Amino acid sequence: MNGEDEDQREVAAHIEWQKRGMWLVLWGYYTRRYWAFARWPVPAGGVVVSAPDPDGLYAEMRRMEREHGFLRWRYGGG
């Protein structure tokens, strides 16, 4: 692992912190992608997204949150 990978791992940890632990976020050393695994109740099989950069990962995470009713679950809305 090189210094760049350590930086990417720190970015992944920061994203997970920002999402308050509702996603497990990792940097894939081999795949060279960010990976996020949903940690709230989702359909069987779970929800996993990936992207080559943080902006793309945030976009995929938001898309899955909308698709699977994250805000309704998190905040108890209709």
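Of all the criteria given as (1) β-branched (Val, Ile, Thr); (2) closer than 17 Å to residue 10 by Cα; (3) surrounded by 12 or more Cβ atoms within 10 Å (Cβ to Cβ), the one not satisfied by residue 31 is (3). Number of residues in the stretch 1-19 that are at pLDDT 95 or above, of a type in the set (D, E, K, R) and over 10 Å from residue 29 (Cα atoms): the value is 3. Kindly check whether there is at least one residue in the stretch 3-18 that is of a type in the set (Gly, Ala, Ser), touching a Leu at 6+ places or on another chain (Cβ under 8 Å), on the phi < 0 side of the Ramachandran plot and loosely packed, with under 12 Cβ neighbours inside 10 Å. Taking every residue of the stretch 3-18 in turn, none turns out to be of a type in the set (Gly, Ala, Ser), touching a Leu at 6+ places or on another chain (Cβ under 8 Å), on the phi < 0 side of the Ramachandran plot and loosely packed, with under 12 Cβ neighbours inside 10 Å. Among the conditions (1) farther than 16 Å from residue 15 by Cα; (2) surrounded by fewer than 16 Cβ atoms within 10 Å (Cβ to Cβ); (3) among the hydrophobic types (A, V, I, L, M, F, W, C), residue 47 misses just one, which is (2). On the given criteria, is residue 78 small (Gly, Ala, Ser) and at pLDDT below 95? Criteria met by residue 78.
The values are calculated or read from the model by the stated rules, or taken from the named source; none is laboratory data. Computed from a predicted model, the values in this text were never measured in an experiment. Positions of Cβ are generated from backbone atoms using ideal geometry, with glycine treated the same way; all protein chains shown enter the neighbour counts.
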